[in-house]
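> Starting off with a structure, shown below.
The values are calculated or read from the model by the stated rules, or taken from the named source; none is laboratory data. As the structure is a prediction and not an experimental result, all values here were calculated from the model. Here Cβ is always computed from backbone atoms with ideal geometry, including for glycine, and neighbour counts include all displayed protein chains. Surface accessibility is based on the protein's heavy atoms, side chains included, excluding ligands, DNA and RNA. Shrake-Rupley method; radii C 1.70, N 1.55, O 1.52, S 1.80 Å.
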Amino acid sequence: MVAAVDKSKVPWWVSNLIVPLVNLTLALLVSALFIFIAGENPIQAVKLIIYGSFGYLDGFAYTLYYTTNFVFTGLAFAVAFHCRLFNIGGEGQAYIGGLGVFLVAINVSFLPVPIVWLLAIAGAVVFGAAWAFIPAYLQAKRGSHVVITTIMFNFIASSLMVFLLVDVIRDMKQMGPHTVALPKEIWFPTFKEFAALFGIKIRYSPLNISFLLAIAASFFVWFLVWKTKWGYEMRAVGHNTQAAIYAGISPYKNIIIAMCISGGLAGLLGINEILGVHHKIVAGFPAGYGFTGIAVALMGRNHPIGIFPAAFLFGILYQGGSEVTFDMPNITRYMFVAVQGVIILFSGALENLFRPQIESFFVNTLNRKAKI
Amino acid sequence: MVSPILELKNINKSFGHVQANKNINLKITQGTIHGIIGENGAGKSTLMSIVYGLYQADSGTISVSGKEIKLKSPRDSIESGIGMVHQHFMLVENFTVIENIVLGFEGEFVFGEKLKKAKQDLKNLCDTYKLNIDLDSVISDLSVGFRQRVEILKSLYRGAEIFILDEPTGVLTPQEVDELFKILRSLKEEGKTIVLITHKLNEIMDLTSEVSVMRQGEVVGHTKTTDTNKEKLAEMMVGRSVLLRLNKAEAKLGDVVFKVENLTVKDDLGVTRVKNVNLEIRSGEILGLAGVTGNGQTELLEALSGIRKVESGTIYLNDEKISDKDNLLDPRELKEKGLAHVPEDRQRMGLVTDFKAYENLIFGYHDQEPYSKSSILKDNDILSYSKKVMEEYDVRPRSPQLITSNFSGGNQQKIILSRELNENPKILLVGQPTRGVDIGAIEFIHQRLIDMRDKGAAILLVSVELDEVLSLSDRILVMFDGNIVGERINKDVTDRELGLLMAGVA
């Protein structure tokens, strides 16, 4: 057994940079083994991933598009986690958030475009928050664990949306489970249009100005959690509920606030997908981003500064991974789900596997240097 | 000369940059009671954990009866005849005494004949040392004093020759302390060796024949107990002379500011913990509430500070009704009315230990100016305020950005006190203000409380340290089993008398 290290002596960059990097490297090594067993060359696969995600402009734009989604769901998970709430319901909250975007946008589309956008963002936040509110209320007042309720609410959201998309808001002129398209004027400007201004032609890219919204949301979360009294109170409740009660901070109120903000952020995924990409509700559009967001947040240590690069990493894997599946017949799409799983395993569940060893190694080395 | 039963040579141990033990040399003679005294954080517990095999020393040797031993785990030390009675007992609550003692012993199951024999052996041990334990009673039915005896019996049964007792009296009534001391003396007479770790000078003077003083990880003195006195020991512990008695002027009593009528409070399990309590506190007065832990003081404090629901009865602040069954002001509203609360358990309640120090220095006042405006925290103002109060209260280290759990207990307590006292409360509720706090800080904290009193605050002091209640209070209430069983003016009371009241005897 390695003796516990005095936490105050561990430099921040060891626990926040070295440890995640070691975990990531291990995950990638294990993944390389998978690829090797599947009968492909792992080094070749890495080259493909890098080419696919950075090698050409279209690919890079895709990477950033995926990053956008992961930032939203990662931030969503992180905010709740600061109040020690394990919000697994990002997927459902994003789905319902998308419903909000569509319903608002289609009903106010006659207004000036920027106002439509703002209202649509509000719709995403309010619907996502409302979907998170119910589990939050049940947790705060009845003690029903959010892990259980939010996961159940994912299923309810999914069924509800299928019902709506089949029987209520389907584009009745066709058979597919999706709505009519929103009017073209209110679609989010895309990267393709932006590039065209500079005379650069790209085929198609889902990347749109939601990326800027993701950056703004990251700032918002940082400011909220560390610079406002709400964040302060949420963290107090999360770290020590007893102490919060002693200080007159209501755990009930803060559980609900944290979950609603979390749900609202997850709802923003609907902005990227609906205003930016599909321009209508397509069944199953959250496509697992809500779940991957949990890994993104854990890997980013629940801080926007960590979440952004972690989201980018998952963006690379998504985009580069699809490149690999094109070129390597033995590697299927599911292989990359497994790779993600391994990353989640090493940077989430096994996050502290090597932490003590790494930290004590650095502390001892630094000590020795200090003595010399 | 006979070789000492336990000898430590050049023991060193560090945690990161902190050297907890520096070149410790210690010789303990067989058949004596050897005291080790020192402030919190002086390295006493670390040293004893090394002797018990919980930590490994970085360097140095340990010998028992002249033979060097290697201690890799508590099992090794038990085999070498070292037994430890921890501050927190290591007993399984819903097992009987005998089950707890044979638990995990000898690495085999004890049934039938073996159990009978074990029981007979244990009975003999109980008789020899007058432990007076019923071997078949369940631990949860036993009082704290008896649980401690079970721990001693366990070590005896495992063949211990050397007993290490870590702060054994912290949780006992004065009568239980007497009983414990009798047992320790009879152990000594049978040739056993006892190492007593404590920060209480009285115990050292009463019980030990030799004493070693530790300060900042080093042994700074060895002496025969008969060659020293409390003042000298205290000076060695702290490194400067210490005032053992407080400078306290006569109280200037004002009006009744805080009044409690027929208060009844239940705990989380629905058990009535505070039974029909009445009390009044005047401004400029310190009312001490003495009692053994668990007699309702915790629930009383929580009810008075708005954390716990009132079952029946009324609480008044300045003649204004603040809480009753239907109406409970929350802690924040009470703060606004001038009530401050230093909770009993600083880590569970008084602080968010994962927060940075400056965040804890405004905890509960964080939404007030100048710390925040329009819900946005004003970091610069908070930091400059933090630096100021850390200076004023001598919080070490003076780093407002440091995570609170990295401060020592005494400094954490100063963080809470500075926060609660700086608001100049009219009524101050204080629970165990110096629990786990070193002597230097105790002196400081006591002086601050007296200053508050002299400025006209009404103070309710809840403490299990009788010395503390006696040295600070103007008037003393004793709580037993949820009732106030006695009220005394401090001048006319002895600790004997209070001890009997605390035990529910008188």
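> Would region A:115-136 turn up any residue that is in the same structural domain as A:I257 (by TED's automatic domain parsing) and either farther than 24 Å from A:L224 by Cβ or in contact with a strand residue (DSSP E or B) (Cβ under 7 Å, 6 or more places away or on another chain) (or both)?
Filtering region A:115-136 down to residues in the same structural domain as A:I257 (by TED's automatic domain parsing) leaves A:115-136.
Add one more test, that the residue is either farther than 24 Å from A:L224 by Cβ or in contact with a strand residue (DSSP E or B) (Cβ under 7 Å, 6 or more places away or on another chain) (or both), and what stays is A:115-116.
Checked against the condition, which is being in the same structural domain as A:I257 (by TED's automatic domain parsing) and either farther than 24 Å from A:L224 by Cβ or in contact with a strand residue (DSSP E or B) (Cβ under 7 Å, 6 or more places away or on another chain) (or both), region A:115-136 yields at least one hit.
> Count, please, the residues in region B:298-354 that happen to be in contact with a helix residue (DSSP H, G or I) (Cβ under 7 Å, 6 or more places away or on another chain), within 14 Å of chain A (Cβ to nearest Cβ) and not in a strand (DSSP E or B).
Final tally of qualifying residues: 15.
> Hey, any hits in region B:364-376 for a residue that's touching a Ser or Thr at 6+ places or on another chain (Cβ under 6 Å), at the interface with another protein chain (Cβ under 10 Å from one of its Cβ atoms) and open to solvent by 60 Å² or more (accessible area, probe 1.4 Å)?
Yes: region B:364-376 contains one or more residues that are touching a Ser or Thr at 6+ places or on another chain (Cβ under 6 Å), at the interface with another protein chain (Cβ under 10 Å from one of its Cβ atoms) and open to solvent by 60 Å² or more (accessible area, probe 1.4 Å).
> State all residues of region A:221-250 that are more than 7 Å from chain B (Cβ to nearest Cβ) and within 26 Å of the chain's Cα centre (by Cα); if no residue qualifies, say none.
Going residue by residue through region A:221-250, those that are more than 7 Å from chain B (Cβ to nearest Cβ) are A:221-226, A:231, A:233-235, A:237-238, A:241, A:244, A:249-250.
Scanning region A:221-250 gives A:V221, A:W222, A:F223, A:L224, A:V225, A:W226, A:G231, A:E233, A:M234, A:R235, A:V237, A:G238.
> On to the next question. Going through A:I148, A:I106 one at a time, which residue ends up being within 30 Å of A:P251 (Cβ to Cβ) and open to solvent by 10 Å² or more (accessible area, probe 1.4 Å)?
A:I148
> For region A:7-43, name all the residues that are buried (at least 18 other Cβ atoms within 10 Å of the Cβ), among the aliphatic types (A, V, I, L, M) and outside any helix (DSSP H, G or I).
A:V10
> Take the conditions within 21 Å of the chain's Cα centre (by Cα), aliphatic (A, V, I, L, M) and open to solvent by 50 Å² or more (accessible area, probe 1.4 Å) and apply them to A:L64. Does it pass? Working first, answer last.
On the way: within 21 Å of the chain's Cα centre (by Cα): yes; aliphatic (A, V, I, L, M): yes; open to solvent by 50 Å² or more (accessible area, probe 1.4 Å): no.
Judged against the criteria, A:L64 is not a match.
Here's the yes/no breakdown for (1) among the small types (G, A, S); (2) part of a helix (DSSP H, G or I):
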{"site": "A:A181", "(1), (2)": "yes, no"}
{"site": "A:E185", "(1), (2)": "no, yes"}
{"site": "A:F188", "(1), (2)": "no, no"}
{"site": "A:K192", "(1), (2)": "no, yes"}
{"site": "A:K201", "(1), (2)": "no, no"}
{"site": "A:S205", "(1), (2)": "yes, no"}
{"site": "A:I215", "(1), (2)": "no, yes"}
{"site": "A:F219", "(1), (2)": "no, yes"}
{"site": "A:W222", "(1), (2)": "no, yes"}
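> Filter region A:245-262 down to residues that are free of Cβ contacts under 8 Å to residues at least 60 places away in the same chain and either touching an Asp or Glu at 6+ places or on another chain (Cβ under 7 Å) or outside any helix (DSSP H, G or I) (or both) and give me whichever is nearest to A:I96 (Cα to Cα).
A:S250
> Output the residues belonging to region B:30-63 that are assigned to a strand (DSSP E or B) and free of Cβ contacts under 8 Å to residues at least 12 places away in the same chain. Even if it seems obvious, please write down each step before you answer.
Residues of region B:30-63 assigned to a strand (DSSP E or B): B:33-38, B:59-63.
Passing the criteria: none in range.
> Of the residues B:V238, B:V213, B:V277, B:V220, only one is of a type in the set (A, V, I, L, M) and over 25 Å from the mean Cα position of the chain (by Cα); which?
Values: B:V238 fails: over 25 Å from the mean Cα position of the chain (by Cα); B:V213 fails: over 25 Å from the mean Cα position of the chain (by Cα); B:V220 fails: over 25 Å from the mean Cα position of the chain (by Cα).
Within the list B:V238, B:V213, B:V277, B:V220, the selection yields B:V277.
> If you scan region B:303-353, which residues turn out to be open to solvent by 60 Å² or more (accessible area, probe 1.4 Å), over 21 Å from A:H239 (Cα atoms) and in contact with a Ser or Thr (Cβ under 7 Å, 6 or more places away or on another chain)?
Scanning region B:303-353 gives B:K321, B:K325.
> For A:N87, which of the numbered conditions (1) in the same structural domain as A:H279 (by TED's automatic domain parsing); (2) out of contact with any Phe, Trp or Tyr (no Cβ under 9 Å at 6 or more places or on another chain) fails to hold?
(2)
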